[in-house]
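The values are calculated or read from the model by the stated rules, or taken from the named source; none is laboratory data. Note that the structure is a prediction, hence the values are computed from the model and not measured. Cβ sites come from the backbone with ideal geometry, for glycine too, and all protein chains shown count toward neighbours.
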Amino acid sequence: MLKRIKLPFIIATVILVLTTAFGPTVVHASAPVGSYNIRNKLLFLRNDDIWTFDIVQRTELQLTHSGNIRNYCVSADANKIAYVKGLKKLYVYDVASGSEQFITDTETDASQPSFSPLGDKVALISLIKEKVQVRFNYFTEPVQQRVRHIWIADLKTKSMMDVTPGVPFQHSEVRWSPDGRWLSFASFRIGMLEMLSLNAKSVWKVYLMDLNDPKHKTIEIGGGMSSVWLNSDQVVVSEGVAANVLSIYDVKTKTKKPATMFRAGFSAPTFSFGGLNNDVVYYEVILDADGDGMIRSHNIQSNKTDDIVKNASAPLFVK
């Protein structure tokens, strides 16, 4: 039975779903403006808006009512959320007031924002305006293509800077390290050995860019399409699609060790860490070719997998 209740500070109607033998009670509501804390909650996208899920209370709350949100990230202090609306517009949402501020309109498309540690800048992926020569091997002629570069938006001046100028490769999944020194990202590149082979193919790999270096020196740390920082010295890299193998790369020792593996069906490796010791992985699962998806959790210690939220994507656990 559905029951409508009016609560103080709640914007929208609350719908109570009664507990059954199949699962816990889940409350759907709008987050109270001015008093809501997103720490220790799992954020996700549903119907082009950002929702939260309380792991302990097993409750869902709709945080934004903006619509058309494609990608998002959370500031280190958990007070701000940056997101891309549509294909080109970058906004910053203030959690306390529930208001959003327009930052910039990119020339082409924009995606996958990531806050700087101070919360004054946002790294993101966007297509460059002009085409560049892209060569796939030594024996074929280069083709003219527009590629996605890494950009940094200054939230105060609202200016955009391309930090990968002149690079004729695609980029994706940029993440800012907690100390602000590194950007981890995936890129679809081809090296000299692949260039000289007719059969070799370009593959997605994860790289680190040193922002302290004047030339933004970049190093390859392994195959994969996405990365998540555990701390300033350790970044987790995901390889594979149906079976996601997670490895931990140590920036100081330049070594990599296996972490865990989970199966995500048809999905790309979109994941986030939770738990007291980063021992729980929340990841997006696309259940079929139509794009219907959900979020699952995988406990590294117990090797247990649970279904968390249905009709959801882009998980991000806020600590």
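Summary table below
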{"read-out": "Selection from region 104-123 of residues that are buried (at least 17 other Cβ atoms within 10 Å of the Cβ), at pLDDT 95 or above and either aliphatic (A, V, I, L, M) or more than 23 Å from residue 181 (Cβ to Cβ) (or both)", "value": "122, 123"}
{"read-out": "Any chance residue 94 is exposed (fewer than 15 other Cβ atoms within 10 Å of the Cβ), out of contact with any Phe, Trp or Tyr (no Cβ under 7 Å at 6 or more places or on another chain) and over 24 Å from residue 310 (Cβ atoms)", "value": "yes"}
{"read-out": "Failed criterion for residue 157 (all others in (1) modelled with pLDDT under 95; (2) more than 24 Å from residue 253 (Cβ to Cβ); (3) not in a strand (DSSP E or B) hold)", "value": "(1)"}
{"read-out": "Test: residue in region 217-224 that is touching a Pro at 6+ places or on another chain (Cβ under 8 Å), within 18 Å of residue 186 (Cα to Cα), buried (at least 16 other Cβ atoms within 10 Å of the Cβ) and at pLDDT below 90", "value": "yes"}
{"read-out": "Of the criteria (1) part of a strand (DSSP E or B); (2) surrounded by fewer than 19 Cβ atoms within 10 Å (Cβ to Cβ); (3) modelled with pLDDT of 90 or more, which one residue 165 fails", "value": "(1)"}
{"read-out": "Matching residues, region 47-86, being charged (D, E, K, R), surrounded by fewer than 17 Cβ atoms within 10 Å (Cβ to Cβ) and touching a residue at least 40 places away in the same chain (Cβ under 8 Å)", "value": "77"}
{"read-out": "In region 293-308, the residues that are part of a strand (DSSP E or B), surrounded by fewer than 21 Cβ atoms within 10 Å (Cβ to Cβ) and of a type in the set (Val, Ile, Thr)", "value": "305, 308"}
{"read-out": "Test: residue in region 80-97 that is among the polar types (S, T, N, Q) and at pLDDT 95 or above", "value": "no"}
